[in-house]
Amino acid sequence: MSTVIEAIVEARLVAAAPRMPSIPAALHYDRRDPYAVRMTFPAPATLAGEEVCWTFSRELLSAGLHEPQGQGDVRVRPYGYDRTVLEFHAPEGTAVVHVRSGEIRRFLRAAGELVPVGLEHLQVDLDHGLAELMRDFG
């Protein structure tokens, strides 16, 4: 059984240069880190010209489909009929992207089939995590 779900979504950069109105961003879910979702943007879409990856909670992404969520570096909110806005706040500035809500729902459905919401704790290997932590201090 696969342990990873990945979906390429069309992310439309708000206030982007006309040459790049939308980019293929990757949503990534791994059952080994069951509470988290990663969103990766390709190098051509970033200010530094390097791939950028943001990690945030699956719950934030899911709840943000229905009402504004987040107070920190990542914020998610619905926009119009079938768009979701994701804001990524960094010291260099803020990136605002629109993604079709249907694409996010499909991704979350697949992640939920891999690890059902509410059962994430069953995927966490506390013994392994503790062993890794202790090794770092040893």
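Tell me the per residue accessible area of segment 77-117 using a 1.4 Å probe; a whole number in Å² is fine.
Accessible surface, normalised per residue, equals 54 Å².
Taking loop as defined by DSSP and a crowding limit of 13 other beta carbons within 10 Å, which trypsin sites (Lys or Arg not before Pro) in segment 30-115 fit?
In loop regions of segment 30-115 (DSSP not H, G, I, E or B), the sparsely surrounded trypsin sites (Lys or Arg not before Pro) are R32.
The values are calculated or read from the model by the stated rules, or taken from the named source; none is laboratory data. Everything numeric in this text was worked out from a predicted model, so none of it was measured. Methodologically, a virtual Cβ is constructed for each residue, glycine included, from the backbone with ideal geometry; neighbour enumeration extends over all protein chains shown. Quick note on the areas: whole protein, heavy atoms, side chains included, nothing else; ligands and nucleic acids left out. Shrake-Rupley method; radii C 1.70, N 1.55, O 1.52, S 1.80 Å.
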